[in-house]
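Have a look at the structure below before the remarks.
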Amino acid sequence: MAKGKTYDSQAVGRRKSSVARVYLASGKGNVTINKRDIKDYFPKGTNRYVVNQPLSLLKLADKYDININVKGGGTTGQAGACRLGIARAILKVDPTIRGELKKAGFLTRDSRKVERKKAGLAGARRKFQFSKR
């Protein structure tokens, strides 16, 4: 049997239509997303900031190596999914920090999704322009 890497914790994060599977292992603070470095995967600084929020809040940025598989949606949704997954994975390692993560709002699943277009309308809620004649 092949030797695989052992992980301290695993968790799933979701946001819009994105799903992120997060694997947490003891290490030096490397964050890998879809086998690419975080700076390559998220060139936009705001997305990198969102992903690292739970780590910077708890000052654990250099304590764990994080491997993330994320798919679906766009970059903002994927960053939000990664944040939730990281927060849940850290919580499995140390349940005593639940209060800090909950207070910051990192354990709350953001359930907002795009509303579907309805028949007879121009969009989800927008009607076609009304003309009297």
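The numbers here are math on the coordinates, done by the rules we state, and not lab data. As the structure is a computational prediction, the values presented were derived from the model and not from experiment. Note that we place each Cβ from the backbone using ideal geometry, even for glycine, and neighbour counts take in every protein chain shown.
Taken over region 53-75, the criterion of being surrounded by fewer than 19 Cβ atoms within 10 Å (Cβ to Cβ) and hydroxyl-bearing (Ser, Thr, Tyr) is satisfied by SER56, THR75.
Checking each residue in region 53-74 for being within 13 Å of GLY29 (Cβ to Cβ) and part of a strand (DSSP E or B) picks out TYR64, ASP65, ILE66, ASN67. The set of residues in region 1-52 being assigned to a helix (DSSP H, G or I) and surrounded by 13 or more Cβ atoms within 10 Å (Cβ to Cβ) consists of ILE38, TYR41, ASN47, ARG48, TYR49, VAL50, VAL51, ASN52.
Out of region 45-89, which residues are without any contact (Cβ under 8 Å) to a residue 40 or more places away in the chain and more than 20 Å from LYS113 (Cα to Cα)? Hits for region 45-89 are GLY45, THR46, ARG48, TYR49, ASN52, LEU55, SER56, LYS59, LEU60, ALA61, ASP62, LYS63.
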